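What follows is a short report on a single structure.
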Amino acid sequence: MELTNKIALVTGSTRGIGLAIAKNFLQAGAKVILNGRGEKLAPEVKSQLNGEFAYISGDLSSPAGAQDLAKAAQEKFGPIQILVNNAGVNRDKLLLGMKPADFHAVLSTDLMGPMILTQALFKPMVKQRTGVIINLASVVGLHGNAGQANYAAAKAGLVGFTKTVAREGALRGIRVNAIAPGMVDSAMTQALSDKVKHQILTEIPLHRLGQPDEIAQTARFLVENDYVTGQTIVVDGGMTM
Ligand code: NAD
């Protein structure tokens, strides 16, 4: 799919990977709807964006929030062709210390949010006979990670969801893929202690964190290549080879 004049919704795009994807798509000529939980887009973020974009505040942790976002986004520029389910949170604890609320918070944003939003935008994509959906999973969803039972379950769920919706969309012009990043330099990983970061670096053959731009390049590839669907592309510096 050519990005010129296509309309893309990128959730959780006020910073990090989502912002890098929004910038990349704008550069390719798409009209991009950014999203975050804050009322407004920060001026320092706005000043980094060139092209036609809009910002819609919306909390994806509730089904109503996801449905409202789908509606508002379509009202902004018209039917959407590209959906990137990027918004995600983590609430790490070892299993024995994990409360039901910790499971619920992560599953509702990282799995239910993408499911409700995808469902809301799927029918309009079927009508257009075209659509690309990209879900931000994680290597943790493929291999597990101590302290992240909730996050791993949500991201593994997203991988199964990706394959299923890819099968349902295939004959209707819709492709669905996931990206499974390893450790990317963003607010999510900056919150880790130096000790943990150092330990992680020893496990990455390329011996550095990934950059949000490198995930955005993968998202761009998944939009542009019309013969890839149902895949989870691992971008992790070799960590899980
Ligand atoms: P980040 O914490 O820097 O940004 C997350 C974005 O999601 C922010 O814009 C935040 O406002 C938004 N968000 C969070 N909860 C939301 C909600 N309920 N409604 C709307 N927006 C919400 O994260 P990041 O590192 O850029 O990660 C982006 C995605 O990539 C996430 O799904 C994350 O799980 C995944 N991922 C990240 C890494 C990594 O190392 N950073 C690795 C693997 C997967």
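The values are calculated or read from the model by the stated rules, or taken from the named source; none is laboratory data. A quick note: this is a predicted structure, and the numbers were derived from the prediction, not measured. Cβ coordinates were reconstructed from backbone atoms using ideal geometry, including for glycine residues, and neighbour counts include every protein chain displayed. Accessible surface is based on the protein model in full, side chains and every heavy atom, while ligands, DNA and RNA are left aside. Shrake-Rupley method; radii C 1.70, N 1.55, O 1.52, S 1.80 Å.
Summary of computed values
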{"read-out": "Residue-count net charge about Ile7 - beta-carbon cut-off 11 Å; Lys, Arg +1, Asp, Glu -1", "value": "+2"}
{"read-out": "Cα-based helix-to-principal-axis angle, 149-169 vs the chain, degrees rounded to 10", "value": "30 degrees"}
{"read-out": "Rounded accessible area per residue of the chain, 1.4 Å, Å²", "value": "49 Å²"}
{"read-out": "Backbone HN-Hα couplings from phi across segment 53-68 [Karplus 6.51/-1.76/1.60, Hz, Gly and Pro as x]", "value": "9, 9, 10, 10, 6, x, 9, 7, 6, 10, x, 5, x, 5, 5, 4"}
{"read-out": "Cα gyration tensor category, rounded, prolate or oblate, for the chain with a/c compared to 1.5", "value": "rounded"}
{"read-out": "Among Thr164, Thr118, Thr11: highest mean-square fluctuation, GNM of the chain, C-alpha pairs under 10 Å", "value": "Thr164"}
{"read-out": "Segment 203-215 - phi-based ³J(HN,Hα) in whole Hz, Karplus 6.51/-1.76/1.60, Gly and Pro as x", "value": "9, 9, x, 6, 6, 7, 6, x, 9, x, 4, 6, 6"}
{"read-out": "Among the listed pairs Lys123/Lys163; Lys93/Lys197; Lys40/Lys127, those beyond 21 Å (Cα-Cα)", "value": "Lys40/Lys127"}
{"read-out": "Percent RCO, i.e. relative contact order, over the chain, from Cα pairs under 8 Å lying at least 6 residues apart", "value": "21 percent"}
{"read-out": "Segment 1-99: GluC sites (Glu not before Pro) in DSSP loop, at most 14 other beta carbons within 10 Å", "value": "Glu2, Glu39, Glu52"}
{"read-out": "Of Pro79, Ala22, Val228, farthest towards positive along the dipole that unit charges on Lys, Arg, Asp, Glu beta carbons give segment 7-235", "value": "Pro79"}
{"read-out": "Filtered trypsin sites (Lys or Arg not before Pro), segment 131-218: DSSP coil and at most 11 other beta carbons within 10 Å", "value": "Arg208"}
{"read-out": "Fraction of accessible area attributable to carbon and sulfur, the chain (%, probe 1.4 Å)", "value": "54 percent"}
